[in-house]
Amino acid sequence: MATSERLDIQAMARDFAASELRPRASEWDARRALDDDVFAKLVELGFLGMLVPEEFGGLGFDFATYVAVLEELAWGDAAVALSVAIHNGPVATLLVRHGSEEQKRRWLPKLAAGEVLGAFALSEPGAGSDPAGLSTKARRDGAGWRIDGEKRWVTNGARAGLVVLFAGTGEGAVGAFLVTPDAEGYRVGKREQTLGLRASGTVSVELQGVAVGGDAVVGDEREGLHYAMEALDVGRVGTAALAVGIGRAAMEHAATYALGREQFGQPIARFGAIQEKLARMAERLAAGRALTLDAAAALGAATRGEKQARTGLDGVTARAAIAMLSASDAATASADEAVQVFGGYGYMRHYPVEKLLRDAKGTEIYGGTSEIMRHVIARELLRDMGDA
Ligand SMILES: Cc1cc2nc3c(=O)[nH]c(=O)nc-3n(C[C@H](O)[C@H](O)[C@H](O)COP(=O)(O)OP(=O)(O)OC[C@H]3O[C@@H](n4cnc5c(N)ncnc54)[C@H](O)[C@@H]3O)c2cc1C
C-alpha cells in the first residue's frame with residue numbers, strides 16, 4: 001500500500017478513536033462492557049476485515065497498515081483495540097492460511113462484515129504458557145467430533161459468533177476446530193474480573209460433549225498447535241501495536257498535564273526530573289513502534305511467500321516476540337511514569353492514567369508473557385548458534 005494511502009487510513013482511525021472511543025473508554029471500563037454501536041462503527045470503517053483478503057469481502061490491508069490502525073484504536077481505548085486485534089489477527093489469519101476453500105467462503109465474509117465476532121480459545125486453567133499441555137480433548141464421533149474440556153480467558157468470548165478452539169486429537173496431537181457458541185454443550189462461563197482491558201469481554205468456556213461436524217477441523221487435525229503458534233506470531237505483533245498506542249496515550253496525557261500543573265511557581269514540565277520521564281517515554285515508545293513495524297514487515301514477507309528466514313533471530317517468530325517484549329515493557333513503564341507525573345491525581349479513578357497502567361500490564365501477559373517472549377528470543381538466538 002502506498003504511504004499516502006496508509007497515512008489517510010491511519011488518520012481516519014485516529015479521528016474515530018478521538019471522537020468515538022476516548023470519550024467513552026472510562027465508562028466502558030467501569031461497566032466492563034462495550035456498547036453495540038461501537039462494533040457497528042468498526043464495521044462501517046471496515047476495521048473488522050483488515051486482514052481478510054478483498055476477494056472475501058475484507059480490506060486486505062498489509063501488516064504495516066494494520067498495526068498503524070491498531071495503535072490508533074488502542075490510543076482511544078485498548079479494550080476495543082484488543083477485541084479488533086483478536087478478531088483480525090489470530091482468528092482471521094489462521095482461517096486465511098489454513099482454512100479450506102469452503103471454510104473461507106463460509107466464514108471470512110461474515111468476519112469481515114462483522115456479522116460474527118471471532119475468538120481464539122487456546123488457554124486452559126492448567127495450560128497457559130505451555131499449550132502443549134492442553135487437557136481439552138476432541139474424540140471422533142461418526143463423521144464429526146465431540147469436544148470436552150474447559151477454556152480460560154477467551155477474549156471476545158462474551159459476544160463471539162465463531163471460536164477457533166484447540167483440543168487434543170490423540171497421541172499428543174492438537175487440532176484447531178471452528179466452533180459456534182450455539183453448539184449444544186458449549187457454555188459461556190463467568191466474565192473474568194480483570195485488572196485492565198475490562199471491557200473486552202474475557203470469559204471462561206465449558207465444553208461438555210460439544211458436537212461439531214468433520215468440516216469443523218481446520219487443515220490437518222494433528223497440526224493445530226503449529227497453526228496456533230503461527231497465529232500467535234500475528235497476535236503478538238498486534239499486541240505490540242496496542243502497547244505502543246496505550247503508551248503514547250499515557251505520554252501525551254503526562255506532557256499535557258505537566259504543562260498545566262504548577263508547583264514552586266512554574267509548570268512542572270520545567271523540572272528536569274519530569275522532562276527526563278517524558279523523554280524516556282518517547283524514546284522507549286519510538287523503539288517499540290520501530291520494532292513493531294519490523295515485525296509487521298517480517299509477517300508481510302512471510303505471507304507473500306518471500307524467501308526469508310523462518311527461524312533464528314531473523315525469523316518472524318523472534319521478531320514478533322522482540323516487538324511485543326519491547327513495546328509492552330515501554331507501555332507499562334510509560335503508564336507507570338505518567339501516573340507519577342500526575343502525582344496524587346494520577347492515583348485517582350477520575351483521571352485517565354490509572355486505566356492506562358492497568359491496560360498496559362495486560363500486554364505483558366496475554367498471547368505469551370514477557371518471560372515467554374525472552375524464552376522464545378533466546379531459543380531462536382541459540383538456534384542461530386547451532387543449537388538443534
Ligand atoms: C486480558 C487477557 C486476555 C487473554 N485472552 C486470551 C485469549 O483470547 N485466548 C487465549 O487462549 N488466552 C488468552 N489469555 C491467556 C494468556 O495467553 C495466558 O494467561 C498467558 O499465556 C499465560 O498463561 P498462564 O496465565 O497460564 O500463566 P503460567 O503459564 O502459569 O505462567 C505463570 C508465570 O510463570 C512464568 N513462566 C511460565 N513458564 C515459564 C518458562 N518456561 N520460563 C520462565 N517463566 C515461565 C510466566 O511468565 C508467568 O510469570 C488472556 C489473558 C489475559 C490476561
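The values are calculated or read from the model by the stated rules, or taken from the named source; none is laboratory data. All values reported here derive from a predicted model rather than from experimental measurement. Backbone-built Cβ (ideal geometry, glycine too); neighbour counts: all protein chains shown.
Remark: pairs (first residue in the range 119-141, closer than 14 Å to PHE177 by Cβ; second residue near the ligand (Cβ under 6 Å from one of its atoms); Cβ separation under 7 Å; 6+ apart in sequence or on different chains) = ALA119/ILE86; ALA119/VAL154; ALA119/THR155; PHE120/ILE86; ALA121/VAL154.
For ILE147, the criteria (1) out of contact with any Phe, Trp or Tyr (no Cβ under 9 Å at 6 or more places or on another chain); (2) farther than 21 Å from THR363 by Cβ hold in every case but one, which is (1).
Listed by first and then second residue, the pairs with beta-carbon distance under 9 Å, at least 6 apart or on different chains, first residue in the range 358-379 and at positive phi, second of a type in the set (S, T, N, Q), are GLY367/THR239; GLY368/SER129; GLY368/THR239.
Of all residues in the range 175-213, those that are at positive phi and either not in a strand (DSSP E or B) or not assigned by TED's automatic domain parsing to the domain that holds ALA138 (or both) total 3. Within the range 220-230, one or more residues are away from the ligand (no atom under 16 Å from the Cβ), out of contact with any strand residue (DSSP E or B) (no Cβ under 6 Å at 6 or more places or on another chain), of a type outside the set (Gly, Ala, Ser) and part of a strand (DSSP E or B).
Taken as a whole, the range 350-370 holds no residue that is over 20 Å from ILE246 (Cβ atoms), away from the ligand (no atom under 16 Å from the Cβ) and assigned to a helix (DSSP H, G or I). Within the range 136-165, restricting attention to residues that are part of a loop (DSSP other than H, G, I, E, B), surrounded by fewer than 19 Cβ atoms within 10 Å (Cβ to Cβ) and not aliphatic (A, V, I, L, M), which residue is farthest from the ligand (Cβ to nearest atom)? If we take residues in the range 136-165 being part of a loop (DSSP other than H, G, I, E, B), surrounded by fewer than 19 Cβ atoms within 10 Å (Cβ to Cβ) and not aliphatic (A, V, I, L, M), then GLY142 is farthest from the ligand (Cβ to nearest atom).
Looking across the range 80-123, the residues that are buried (at least 23 other Cβ atoms within 10 Å of the Cβ) and in contact with a Lys or Arg (Cβ under 7 Å, 6 or more places away or on another chain) come down to LEU95, LEU117, ALA121.
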